[in-house]
Ligand code: PAN
Ligand code: ZN
């Protein structure tokens, strides 16, 4: 999706992120090495540089763990006031947002949808469709990623399949 100098690619296997799901045991052992998502990022300046921007494309595979849709780890930004844009390029899914008080909401992701994520709001993607969900993102180069808070407390709601309908369920 992204090409050129300064583009890095990273990927997460289901094994690396399985603990984010409500029922990690629902993943068949033979599926653990499967790639859950990839991120290509254009990082033209050093991470932490004030005033710069990063651009990334996230590609999230379709699938579920139990009744919970495949999703990204999710994070607050370390520099917590920094914002971000998410823009859906292809596929169907949701952008799940959670503020510091634990209020969660899901924003629809379908091609062309653009969402501004304000500072102090944790964000993650879920793929509710049957093809890859491809999302562009732009964030400040001094945002940083705080994964620890979500690893410790999780999101206060999960996006699950209820009779074929993606439903945000409080935990
Ligand atoms: C995105 C995310 C990307 C992967 O580029 O980093 O979608 O999600 P996780 O980082 O939560 O695994 C972004 O929000 N950058 O700030
Ligand atoms: Zn982010």
Original post:
For the range 1-47, how many residues meet the condition of being exposed (fewer than 12 other Cβ atoms within 10 Å of the Cβ), touching a strand residue (DSSP E or B) at 6+ places or on another chain (Cβ under 8 Å) and in contact (Cβ under 8 Å) with a residue 40 or more places away in the chain?
Top reply: 1
**OP:** Return a yes/no flag: does the range 89-102 have any residue that is near ligand 1 (Cβ under 10 Å from one of its atoms) and on the phi < 0 side of the Ramachandran plot.
**Re:** yes
Original post:
Taking the condition within 12 Å of ligand 2 (Cβ to nearest atom) and buried (at least 19 other Cβ atoms within 10 Å of the Cβ), does residue 133 pass?
Top reply: no
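Do the conditions hold for residue 45, that is, is it at pLDDT 95 or above, more than 15 Å from residue 124 (Cβ to Cβ) and away from ligand 2 (no atom under 13 Å from the Cβ)? Let's see the steps before the verdict.
Values: at pLDDT 95 or above: yes; more than 15 Å from residue 124 (Cβ to Cβ): yes; away from ligand 2 (no atom under 13 Å from the Cβ): yes.
So residue 45 passes the test.
Quick test for you: out of 89, 150, 96, pick the one residue that is surrounded by 14 or more Cβ atoms within 10 Å (Cβ to Cβ), within 12 Å of ligand 2 (Cβ to nearest atom) and modelled with pLDDT of 95 or more.
Numbers: 89 fails: within 12 Å of ligand 2 (Cβ to nearest atom); 96 fails: within 12 Å of ligand 2 (Cβ to nearest atom).
From the options 89, 150, 96, the qualifying one is 150.
Restricted to the range 7-36, and to residues that are part of a loop (DSSP other than H, G, I, E, B) and under 21 Å from residue 74 (Cβ atoms), which residue is nearest to ligand 1 (Cβ to nearest atom)? Lay out the reasoning, then the answer.
In the first step, residues of the range 7-36 are kept if they are part of a loop (DSSP other than H, G, I, E, B); the result is 21-23, 27-28, 32-34.
Among the residues that remain, those that are also under 21 Å from residue 74 (Cβ atoms) are: 21-23, 27, 32, 34.
Values: 21: 14, 22: 17, 23: 20, 27: 17, 32: 17, 34: 16 Å.
Here the answer is 21.
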**OP:** Report the residue count in the range 99-123 for those that are surrounded by 17 or more Cβ atoms within 10 Å (Cβ to Cβ) and within 13 Å of ligand 2 (Cβ to nearest atom).
**Re:** 5
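Quick grid of which residues meet (1) over 20 Å from residue 154 (Cβ atoms); (2) within 16 Å of ligand 1 (Cβ to nearest atom); (3) in contact with a helix residue (DSSP H, G or I) (Cβ under 9 Å, 6 or more places away or on another chain):
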residue	(1), (2), (3)
38	yes, yes, no
60	no, yes, no
81	yes, yes, no
108	yes, no, no
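Looking only at the range 64-78, how many residues end up being on the phi > 0 side of the Ramachandran plot and either within 13 Å of ligand 1 (Cβ to nearest atom) or buried (at least 16 other Cβ atoms within 10 Å of the Cβ) (or both)?
Pass one, the range 64-78, residues on the phi > 0 side of the Ramachandran plot: 66, 74.
Now drop any that are not either within 13 Å of ligand 1 (Cβ to nearest atom) or buried (at least 16 other Cβ atoms within 10 Å of the Cβ) (or both), which leaves 74.
Residues that pass the stated criteria total 1.
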**OP:** Scan the range 147-160 and report the pairs whose first residue is under 19 Å from residue 106 (Cα atoms) and whose second residue is assigned to a loop (DSSP other than H, G, I, E, B) and within 16 Å of ligand 2 (Cβ to nearest atom), with Cβ atoms within less than 7 Å and a gap of 6+ or a chain change.
**Re:** 150/73; 150/74; 155/74
Subject >> Number of positions in the range 12-36 that are more than 16 Å from residue 127 (Cα to Cα) and under 14 Å from the mean Cα position of the chain (by Cα) >> reply: 0
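The values are calculated or read from the model by the stated rules, or taken from the named source; none is laboratory data. These numbers come from a predicted model, not from an experiment. Because the Cβ atoms are built from the backbone with ideal geometry, glycine has one as well, and the counts that use them run over all protein chains shown.
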